[in-house]
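Novice: Mind looking over this structure? Questions follow.
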Amino acid sequence: MAQSRRVGCLYADSCTDEQRAAYDWCSDAFDGAERRSLAEVTPSDYDVLWWHRDERFDERVLPEERAAALTEYVRDGGTLLLTLSAVAAVEPLGIDAMGPDATGWEEISEPTGHLWKALYADHPIQADYDTLRVHTRGPGVTVPYARYESVLPESGDVFASTVRGERDAVSQLTVVSWEPGNGRVLGIGSSVAFAQPTHDVCQMNRETLVANSLAYLAGDERHPLTGRPADAAALGRWRERLAEDPNRPIYHVTPPANWLNDPNGLIHWNGRYHLFYQYNPAGPFHGTIHWGHAVSDDLVHWEDRPVALSPSPDGPDRDGCWSGCAVDDDGVATILYTGGRDKRQLPCIATAADDDLTSWDKDPENPIIEELPTDPEVLRTEDWEGEFRDHCVWREDGTWYQLIGAGMEGGGGAALLYESADLRDWEYRGPILAGDRDTAGTVWECPELLDFGDRQLLHVSNYEDVVYFLGTYEDGEFDADRRDKLDHGDFYAPQSMWTADGRVLTWGWIPEARDLSAQWDAGWSGALSLPRELSLADDGGLCQRPAPELTELRGYATSRDAVRLGPGDTERLGVDSRSFELRATVRLEDAEAVEVRVLESPDGDERTPIRYTSESEIAVDRTRSSEDPQATVDTQTMRVTPYDAPLSLRVFVDGSVVEVFANERHCLTSRVYPTREDATGVSLAAEGGRATIASLDVWELQSAWER
Ligand code: DQQ
């Protein structure tokens, strides 16, 4: 039945076949639909305006005066649907400073449509579907499109990317919503062509999408989540929306929604701890990287802050603000980060515009280093003119030093040293350490040098692992005498903060271990590790332990005195949780192995054993962690020393994160995704002999976020 809405269907000079087909359909669907040329339309006559354009968008079709009238109409509360290449009008209409960067015609070879974000699964436009993947165009036609691909709208909120056949094209952003002034604008940049026939399902989906969009825009209802969040309350609503997901950690730092990777710019400033992180507001995938922001007074309770750093449409960071660090430049909080544009990645600098580190002023001279070093030559790849990024900056005797991660042509990864008097003019000094390609990786990302007095630690991330070197750093050279991994599992690109009382705390990115579609469906991706206190032991080795502040999160406790297990014995503990800390001291006696099984269903079908063996190995066995075929199931292992002493174990389970600390030295972080609601138990088991769990405590851990 036709809906009674006044829809103004816009065209430039005359209607094309495609516009005629679309607007004919609209007249059937809406009683009050009328065609109007842009030159003569009176916008306020309509509940909603729809501009569907299949010809290339050209600013000449929108003379300044017309554009101004439409802009005013929208700002005053009017609503506008832009489809296909009309989405490009957002720039001249002043709706967004950044228009779609990918426009043209494409041949559709398989059913194509929209990949909706989980955040908007219940949006009135999409609510008729119980899937996030909705095909709206069948194969065999060539249709126009206007999408965001390597940039993001500056103020628009992405509702959907693209689905092609069964494949998620996550970075082709095609449905975007704006709320300029009092108005609302929706852009659907592809897969809504009407003229050529398509098969029934696509046709129905396409009509539902456009009808829902027009009805939504013509009505007064606003969706509570729409809009790029500008404050903690709006970010909290996103967090709330995802809170029921049992895989979502509650006491690890996560993005409010969408994507998180490396920790950045860690700094204790004005009495508060600031954590920034690589963040993609477009969705749960790596792309269009901004800096997200969270603050804490105590290192365990965190508050969301609005996005701190965004790419500038005209800047050297147009395609992304990649990893960097923060320093105190005589009372001015300053960040150095990597700006990306096309195939160039170069260092940029920004200073805090306020004491809360909420916004940052980028230096007009960015990038502050314009040329890549040539001695040795930086590795050129398909993606980059030079693999050259990420920053670690410190001051010594009044001089600033900076490490940048790189790959070297014909060699392996390297940490390159620069020197400066003012953080802006940098002189190249050469690599402080370079790895060989076969054993240390082709590129070193996120290098960080930590000074422990007599000895120093350098860690680098080589695409696979975080490798650390212990030794001495002097006169621009690092002389390493030990090397190991900082973590043996899912942990990458860590960065550290010095606390006021002189401790080093390190956070790493805990990536997901499930496929991209599963991440998309979850609506979020990535977490940060717990803060780890790094220090050197008397024997010169590295100690890593959870920051003591974390005990603040402890709630209800289950404690056991010595538990003695015979060969084959299993003991179930009275734990029913997915967010807890377990602390145990394990003696193997003559057992071959002891297992602490977490996230275990009552029948044991789903469980994640953390296995300590007489071979001095800890394994997190994921073979039965999840019945979800999208989850990774391999076993992750690490060696633990000393061989014959009891093992002191601390395990932090949080939704899908299992973070293991052994003997305050070795770490293994794992991701697991139990599917069963009752996979919340913990049991102990011994194999091949007797074992003793000398002490055992389990604490429920509370949320780090206010709810
Ligand atoms: N992640 C950043 C880069 C860095 C990499 C991009 C490491 O700056 O090299 O998001 O995960």
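The values are calculated or read from the model by the stated rules, or taken from the named source; none is laboratory data. All values derive from a computational prediction rather than experimental measurement. With ideal geometry, Cβ positions are generated from the backbone for all residues, glycine too; neighbour counts draw on all protein chains shown. Just the protein is used for accessible areas: all its heavy atoms, side chains included, with ligands, DNA and RNA removed. Shrake-Rupley method; radii C 1.70, N 1.55, O 1.52, S 1.80 Å.
Novice: For Gly140, only one of the following conditions fails: (1) modelled with pLDDT under 95; (2) of a type in the set (Gly, Ala, Ser); (3) crowded, with 16+ Cβ neighbours inside 10 Å. What is its number?
Specialist: Of the numbered conditions (1) modelled with pLDDT under 95; (2) of a type in the set (Gly, Ala, Ser); (3) crowded, with 16+ Cβ neighbours inside 10 Å, the odd one out for Gly140 is (3).
Novice: Ok, one more. Would you call Phe452 open to solvent by 20 Å² or more (accessible area, probe 1.4 Å), in contact (Cβ under 8 Å) with a residue 40 or more places away in the chain and in contact with a Ser or Thr (Cβ under 8 Å, 6 or more places away or on another chain)?
Specialist: Yes, satisfied.
Novice: Something else: So in the stretch 337-362, with the set limited to residues that are of a type in the set (Gly, Ala, Ser) and within 16 Å of the ligand (Cβ to nearest atom), which one is surrounded by the fewest Cβ atoms within 10 Å (Cβ to Cβ)?
Specialist: Gly340
Novice: Based on what the data block shows, is Asp515 over 19 Å from Cys543 (Cα atoms), open to solvent by 30 Å² or more (accessible area, probe 1.4 Å) and of a type in the set (D, E, K, R)?
Specialist: Against the criterion (over 19 Å from Cys543 (Cα atoms), open to solvent by 30 Å² or more (accessible area, probe 1.4 Å) and of a type in the set (D, E, K, R)), Asp515 qualifies.
Novice: Any chance the stretch 253-276 includes a residue that's assigned to a strand (DSSP E or B), away from the ligand (no atom under 16 Å from the Cβ) and within 19 Å of the chain's Cα centre (by Cα)?
Specialist: Yes, the stretch 253-276 contains at least one residue that is assigned to a strand (DSSP E or B), away from the ligand (no atom under 16 Å from the Cβ) and within 19 Å of the chain's Cα centre (by Cα).
Novice: Which residue out of Arg583, Arg597 is closer than 18 Å to Ala645 by Cα and within 36 Å of the chain's Cα centre (by Cα)?
Specialist: Arg583 is the lone residue from the list that is closer than 18 Å to Ala645 by Cα and within 36 Å of the chain's Cα centre (by Cα).
Novice: Write out, first by first residue and then by second, each pair whose Cβ atoms fall under 6 Å of each other, whose residues are 6+ apart or on separate chains, and whose first residue, in the stretch 532-560, is in contact (Cβ under 8 Å) with a residue 24 or more places away in the chain and within 28 Å of Ile250 (Cβ to Cβ) while the second is open to solvent by 40 Å² or more (accessible area, probe 1.4 Å) and assigned to a strand (DSSP E or B).
Specialist: Qualifying pairs under 6 Å: Glu533/Arg545; Cys543/Ser535; Gly555/Glu700; Tyr556/Glu700.
Novice: Looking at the stretch 185-215 only, could you name the residues that are buried (at least 22 other Cβ atoms within 10 Å of the Cβ) and under 20 Å from Ala33 (Cα atoms)?
Specialist: Val185, Leu186, Gly187, Ile188, Val192, Ala193, Phe194, Arg206, Leu209, Val210, Ser213, Leu214
Novice: If Leu372 satisfies all but one of (1) within 16 Å of the ligand (Cβ to nearest atom); (2) among the aliphatic types (A, V, I, L, M); (3) buried (at least 22 other Cβ atoms within 10 Å of the Cβ), what's the number of the condition it fails?
Specialist: Of (1) within 16 Å of the ligand (Cβ to nearest atom); (2) among the aliphatic types (A, V, I, L, M); (3) buried (at least 22 other Cβ atoms within 10 Å of the Cβ), only one is false for Leu372: (3).
Novice: Take residues that are out of contact with any Leu (no Cβ under 9 Å at 6 or more places or on another chain) and buried (at least 24 other Cβ atoms within 10 Å of the Cβ) and tell me which of the strands (runs of 3 or more DSSP E) falling wholly in the stretch 642-707 contain 3 or more.
Specialist: Where strands (runs of 3 or more DSSP E) fall fully within the stretch 642-707 and carry at least 3 residues being out of contact with any Leu (no Cβ under 9 Å at 6 or more places or on another chain) and buried (at least 24 other Cβ atoms within 10 Å of the Cβ), they are 666-671.
Novice: Only one residue in Gln630, Gln636 is open to solvent by 10 Å² or more (accessible area, probe 1.4 Å) and under 15 Å from Asp490 (Cα atoms). Which one?
Specialist: Exactly one residue qualifies, and that residue is Gln636.
Novice: Sticking with this structure for a sec: Residue by residue through the stretch 455-477, note down the ones that are touching a Gly at 6+ places or on another chain (Cβ under 9 Å), among the hydroxyl-bearing types (Ser, Thr, Tyr) and either surrounded by fewer than 23 Cβ atoms within 10 Å (Cβ to Cβ) or in contact (Cβ under 8 Å) with a residue 60 or more places away in the chain (or both).
Specialist: Tyr463
Novice: Could I ask something else about it? Which one is farthest from the ligand (Cβ to nearest atom), of the residues in the stretch 403-413 that are surrounded by 15 or more Cβ atoms within 10 Å (Cβ to Cβ) and over 26 Å from the mean Cα position of the chain (by Cα)?
Specialist: Going through the qualifying residues, I end up with Gly411.
Novice: Filter the stretch 216-269 down to residues that are among the β-branched types (Val, Ile, Thr) and crowded, with 21+ Cβ neighbours inside 10 Å, then give me how many there are.
Specialist: 3
Novice: Scan (1) open to solvent by less than 20 Å² (accessible area, probe 1.4 Å); (2) touching a residue at least 40 places away in the same chain (Cβ under 8 Å); (3) more than 15 Å from the ligand (Cβ to nearest atom) for the single condition Ala480 breaks and write down its number.
Specialist: Result: Ala480 passes all but (1).
Novice: Let me ask you something else. In the stretch 505-521, how many residues are more than 16 Å from the ligand (Cβ to nearest atom) and within 15 Å of Asp487 (Cα to Cα)?
Specialist: 1
Novice: Residues in the stretch 306-315 that are open to solvent by less than 40 Å² (accessible area, probe 1.4 Å), within 16 Å of the ligand (Cβ to nearest atom) and assigned to a strand (DSSP E or B): how many?
Specialist: Result for the stretch 306-315: 2.
Novice: Got a sec? Which of Trp384, Trp400, Trp444, Trp394 is more than 22 Å from Ala493 (Cα to Cα) and either open to solvent by less than 50 Å² (accessible area, probe 1.4 Å) or modelled with pLDDT of 95 or more (or both)?
Specialist: Exactly one of Trp384, Trp400, Trp444, Trp394 is more than 22 Å from Ala493 (Cα to Cα) and either open to solvent by less than 50 Å² (accessible area, probe 1.4 Å) or modelled with pLDDT of 95 or more (or both), namely Trp400.
Novice: Follow-up. Test Trp291 against the criterion of being open to solvent by 10 Å² or more (accessible area, probe 1.4 Å), assigned to a strand (DSSP E or B) and within 12 Å of the ligand (Cβ to nearest atom), and give yes or no.
Specialist: So Trp291 fails the test.
Novice: Going by what's in this entry, would Gly453 be described as assigned to a loop (DSSP other than H, G, I, E, B) and small (Gly, Ala, Ser)?
Specialist: yes
Listed here are the residues, each with its yes/no results for (1) open to solvent by 40 Å² or more (accessible area, probe 1.4 Å); (2) part of a strand (DSSP E or B).
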{"position": "Ala69", "(1), (2)": "no, no"}
{"position": "Val74", "(1), (2)": "no, no"}
{"position": "Glu110", "(1), (2)": "yes, no"}
{"position": "His114", "(1), (2)": "no, yes"}
{"position": "Asp128", "(1), (2)": "yes, no"}
{"position": "Arg147", "(1), (2)": "no, yes"}
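Novice: Among the strands (runs of 3 or more DSSP E) contained in the stretch 578-637, which hold 2 or more residues that are under 29 Å from Ala243 (Cβ atoms)?
Specialist: In the stretch 578-637, the matching strands (runs of 3 or more DSSP E) lie at 579-587, 593-600, 608-613.
Novice: Follow-up. Taking into account only those residues within the stretch 543-559 that are open to solvent by 10 Å² or more (accessible area, probe 1.4 Å) and not hydroxyl-bearing (Ser, Thr, Tyr), which is nearest to Gln456 (Cα to Cα)?
Specialist: Among those that are open to solvent by 10 Å² or more (accessible area, probe 1.4 Å) and not hydroxyl-bearing (Ser, Thr, Tyr), it is Cys543.
Novice: Shifting gears a bit: What's the number of the only condition in (1) under 22 Å from Leu433 (Cβ atoms); (2) in contact (Cβ under 8 Å) with a residue 40 or more places away in the chain; (3) surrounded by 15 or more Cβ atoms within 10 Å (Cβ to Cβ) that Thr506 fails to meet?
Specialist: Only one criterion is unmet by Thr506, namely (2).
Novice: Any idea which residue in the stretch 415-449 is nearest to the ligand (Cβ to nearest atom), counting only those that are assigned to a strand (DSSP E or B) and within 26 Å of the chain's Cα centre (by Cα)?
Specialist: Only one residue fits best here, namely Glu445.
A quick yes/no check of all residues on (1) modelled with pLDDT under 95; (2) under 21 Å from Val640 (Cα atoms); (3) touching a Leu at 6+ places or on another chain (Cβ under 9 Å); (4) among the charged types (D, E, K, R):
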position	(1), (2), (3), (4)
Asp487	no, yes, yes, yes
Gly502	yes, no, no, no
Leu550	no, no, yes, no
Arg560	yes, no, yes, yes
Glu571	no, no, yes, yes
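Novice: OK, next. I need every pair where a residue in the stretch 122-142 that is of a type in the set (Ser, Thr, Tyr) has its Cβ under 8 Å from the Cβ of a residue that is open to solvent by 40 Å² or more (accessible area, probe 1.4 Å), sequence separation at least 6 or different chains.
Specialist: Thr142/Trp105; Thr142/Glu107
Novice: Anything in the stretch 316-335 that is of a type outside the set (Phe, Trp, Tyr), within 16 Å of the ligand (Cβ to nearest atom) and more than 16 Å from Ala353 (Cβ to Cβ)? List them, or say none.
Specialist: Answer for the stretch 316-335, where residues must be of a type outside the set (Phe, Trp, Tyr), within 16 Å of the ligand (Cβ to nearest atom) and more than 16 Å from Ala353 (Cβ to Cβ): Pro316, Asp317, Arg318, Asp319, Gly320, Ser323, Gly324, Cys325.
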